[in-house]
Structure formats: C-alpha cells, structure tokens
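The next block holds one structure in the form of structure tokens; read it before the comments.
The values are calculated or read from the model by the stated rules, or taken from the named source; none is laboratory data. Because the structure is predicted, anything quoted here is derived from the model rather than measured. Neighbour counts run over all protein chains shown; Cβ positions are idealised from the backbone, glycine included.
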Amino acid sequence: MKKRIFKYYFILIFLVLLLSMFFTSMIAQKYYKAEVENKLKSIAFSLEYLLQETPTDTSLDYENLARDYVKRHNANSEPSGEKLRITFIDFSGKVLGDSEANFREMENHLDRKEILEAIEGSIGTDIRVSKTVNTDFLYVAFPFRQQQVIIRASVPLIQINKINDMVRFYSLLTFLAALLLTGLISLRITTSITRPLNDLILASKEIANGNYSKKIKVNSADELGQLASYFNEMGSKLDATMTDLHNKKIELESIVDSMTNGLVAVDNDLRMILINPIAYKLFAINEDQEIIGSKITHHIRNNEINKILRETIELNKLLECDVTMGNKILHISTSPIRSMKRSGSNSGGIVFIQDITKVRKLEQLRTEFVSNVTHELKTPITSIRGFIETLKNGAINNEKVANRFLEIIDIEADRLYALIEDILQLSEIESKQKDNDLENLSTSALVDEVFEILQPLADEKEIILQYCAKDELFIKANKNRMKQLFLNLVDNGIKYNKLHGSVNITGIYEKGKIKISVKDTGIGIPAEHLTRIFERFYRVDKGRSRDMGGTGLGISIVKHIVHLYSGNITVNSEVDKGTEFIIELPC
C-alpha cells in the first residue's frame, strides 16, 4: 500500500507537470499566435486603406508596393527575427506581387485555405510551411473587392520554439523540487491513511453483505476520524432505514394483497406501478404476466375506465362510474396520487375496482320480491275487502249469501296467512348461514309423516304415493326444515298431477352424497320455464296455481333449504310426462 501510494504520488506529479508543460506551451502559443494574427490583420487593413487611396485608373506595381511596405515596416519594428511578408493575389489565385520571392515563378494560390476563405468574403487564416521559403508561417488573407485583389500578410513563427524551450526549463525545475517534496511527505501520509482506510474497507464489505451494525474504531479527531464517525452513523441510520423499509414493504404488500376489492396504481404516463391479485382476476389478466411498467391501456381494454383515469390525473379530482365487463358489473373509483412536493399536483392515479354484480342482482331480486309480495298480498286483501263491503251493504241479511261470502273470506284469509308464513319462513332460511337443532333423520320416517299428512289430498285425485330406497338413509338436518322440503315437493307433485297418477320418492348413496329423487307423472313444465322455476313467486300457470292455493314460494323455499345444508337441487321435466326434482345432500 505504501509503495503504491508513493508510486501514485510520483505518477500524479509527473502527469500534472507534463500536462502543465503541455497546456502552458499551448496557451503561450495560442496567445502568441493571436497577437501575431491581430498584427497581421492591422497590416492588411492598412494596405486596404493604401489601395483605396490609389486611383482606380492607375496601374499598380504590386511587387514594389509589397516590398516598400515591408521595408518600411521592418525598419520601424524591433529586431525579433519575425520578418513581414506581403503578397497580392487576384480572385483567380494568380500571384500579383510578393515582398520576398519572384511572383512570376510562384504557383497559383487558389487552393490555399486562407485564399478560399477570403474569396468567400471573410478574413482567411492558416498556419503552414511555406514552400517558397521553407518556414512555418501564419497567413492572414483580406479580400479587397473594389480592385478584386486579396491582400495576404504573413510572418514566420520563429518565437514558438523559444517559448517551448523556456516552458520546458522551468517545468523541469518544478518537477525536481516537487519530486523531492513528494518523497518526504508520502511516507507520512501513507502511514496515516492506510490503517483507517483498511478499517473502512473491511466495514464496507460487511455493510455490503447486509451487516449494517458493523462499527469502526475512532482513534483520531482529524478528517479520517470524522469520516469513521460519520461512517458509523451512516451504518446505524442505514440499518434503521432498511429495516423500516422492509417492514413497510411487507405491510403494504400484505394490505394490498388482502384487499377484497381490486387496486391498480399508475404514474402520469399511465404506466402501471402496482396491481393486486383481485384486479388481475377482475380484468382477466394472467398473474404470471409481468405488466408492471407497461401501459394500463395494453391490459385493461375498456375506454370508459381509461378515460376517467386520464381525467382524474389531468383534473386532479375523484371520479367514479359503473362499467359492464362480460357478465360482471364493476364499480370504478379513480383518485389522484397526491404529490408531497408540490401542492395541487399529482404523480399518477389509483383505480379502485369493486365487483357489484351480486349487489345489483340482489337489488333486482329485492325490487322484484317487494313487487311480487305487494301483488300477492293485495289480491286476497282486495277480495276480503270487497266481500266485507258487500256484506255491509245488506248481503249479511241473506243467510245463504252471507255464509258463502264468509267462506270465501275465510279461504282468502287462509291464503293470506299461508303466504305470510311462507315469506317469513323463506326470510328466516335466507338469513341463516348454518341451521340449529340438527339431528340424524331417517328419510323413510320423514317421508311416511309427509305421506300421512298429504294422503287425503292424494286420495281426492286417486294418486299413489310411493317411497323406495335400497338402504336406510340418514340426513343430519333440522327435522322441521326437511319435513317442509318434502311437503312442498310432494304437495306440488299431487296438485299438478293427472288423475290416477303417482308421486315416487327414491333415495340412494352416491359418491359420498345422499341423492333423493321426487318424481311425479303430472302435467310437466315447459322447457322455457325450467331455468326460472326456483325464483320466488314464479308460476308457470299463474291462474291455475292460485286456484290451487299456491303461494309461488314453495319451490324457492325448497332450494334455500337445500343450499342451507350445502346441497344441490336440479329439475328435469317434460310436458305431459311429469317432473323430477333431484336433491343431493352431503352425508
């Protein structure tokens, strides 16, 4: 390390001196050339003035003019060895006169750089070896368009070599003195620097490997000691910062990934900087696809979403809308990402996505339910009020008519009571996530109770009620719920059956589930109604269903009971051949 520092000091001083010599020489030459160039321009202006004073009809002897001017100039100048040379050249490059050589023997000068620049209208300059006198010359060419003559003044640059020699001499003295001083100081500096530097190197390696708690011993109060103190402080702050950033990163990722709604964040150029798993799913984006840094418009191809996001970023305000994508209804809320540096500005936008498909369907179902309940309640109430009004108007005095009206009122009241009971029962089932009072129920015992209740109704239409199961089946459920389920299905099978028909219930164990079939030989259900048969208040034949005392909620109650026990129900039916309800319940 010490040898290297000494060597580096030596090389550094050597290079600095070389560069100093070089730049000093270049600067001296530059100012020397600039001074000579300005002098030649002044001479050219003087000759221009002299030519302007000469009558245009006078034939000039350019050679004598050049020689006389140079003679007078050299006589008045200090003997520096820089002898002035004047040359007159026409715009075709032909030499008209020269102060040093025989102009008749000189070649055409049209290819000279300074001549070409002068012809173009500017003052031409160039430095090169004169082929005529074999010396480095600085040339300045000035165009005199009045007589179509170029005035070229030049001098040999003989002072440059003297300048270079002087620069080299003083630079060598400086180099020797600096070399001696460097040798004396480098040993001291090497010792004082290498030890703390080695400590810094070792500590830096530890920090680079993730050990931010590494410390350096502080043995002095100088700059290296301060550096060590600041290094220790930096390590401590870096340790705290990295720990904090790591924790915040984990917290942010956990929060974003745990959100039940979608989240997408973009910068001002609509390039994605964050997206959570729910957003991937809602927009049907492949989660294995790397989309961070790409434009949101490449992955979310919905003009309305992209439009309000742009408006949010440009206008710096919150916006929201509902969009339909496939079979989903999404509520979109956009918000600008507020900038901490400048008030009123933002650095991008955030899109919040909420799937409101189920909410909208529930709203629609609620609206339809309220409408249907109102209609179903209004019919018996209207009938009851009508008959009461008739009785009040005198029909009560006719015993036969009054008794018939009272029977009808009683029937409508029973119908109203049944409807309210079904609504309450359906509401209770829907509000439950799990049922209570569960017990192992024998399917055959339940069916026997239901058959006993409905046998009189079946006898009226001479319908046969049958139950068949290979094994004794047991269902873990609430007895009243399952009884209600079989009552509704068998009751429907009797009401919508043909004379001398049958209702058959079968049950088997299949693939870890209990499969129960309730099949009748009735009028059947048209295919177009099968998808809606489980809806509340839906009737295939509304008039006939009401005449039979149906509330329109029986099948819907059956479906909700089955779902309450995590089961499944399907229906198969053919017109005039009968209907079969198939229920699958977990064992």
From the options GLU389, GLU412, residue that is exposed (fewer than 14 other Cβ atoms within 10 Å of the Cβ) and either out of contact with any Leu (no Cβ under 7 Å at 6 or more places or on another chain) or not β-branched (Val, Ile, Thr) (or both): GLU389
Meets criteria (in the same structural domain as MET272 (by TED's automatic domain parsing), acidic (Asp, Glu) and loosely packed, with under 13 Cβ neighbours inside 10 Å) for GLU311: no
Test: residue in segment 94-116 that is β-branched (Val, Ile, Thr), over 12 Å from ALA141 (Cβ atoms) and either in contact with a Phe, Trp or Tyr (Cβ under 7 Å, 6 or more places away or on another chain) or touching a residue at least 24 places away in the same chain (Cβ under 8 Å) (or both): yes
Any hit, segment 335-344, residues being closer than 21 Å to MET259 by Cβ, in contact (Cβ under 8 Å) with a residue 24 or more places away in the chain and not in a helix (DSSP H, G or I): yes
Residue ranges of strands (runs of 3 or more DSSP E) in segment 457-515 with at least 1 members at pLDDT below 90, closer than 27 Å to GLU421 by Cα and touching a strand residue (DSSP E or B) at 6+ places or on another chain (Cβ under 6 Å): 474-478
Where a residue in segment 122-144 is among the β-branched types (Val, Ile, Thr) and its partner, wherever it lies, is in a loop (DSSP other than H, G, I, E, B) and modelled with pLDDT of 85 or more, with Cβ under 7 Å and at least six apart: THR132/MET106; VAL140/ILE123
Residues of segment 69-94 satisfying the condition of being at pLDDT below 90 and in contact with a His (Cβ under 6 Å, 6 or more places away or on another chain): LEU84, GLY93
Qualifying residue in segment 523-535 (condition: closer than 22 Å to GLU412 by Cβ and either touching a Cys at 6+ places or on another chain (Cβ under 9 Å) or modelled with pLDDT under 85 (or both)): no
Extreme residue, nearest to SER345 (Cα to Cα), among residues of segment 272-322 that are within 15 Å of the chain's Cα centre (by Cα) and among the acidic types (Asp, Glu): GLU290
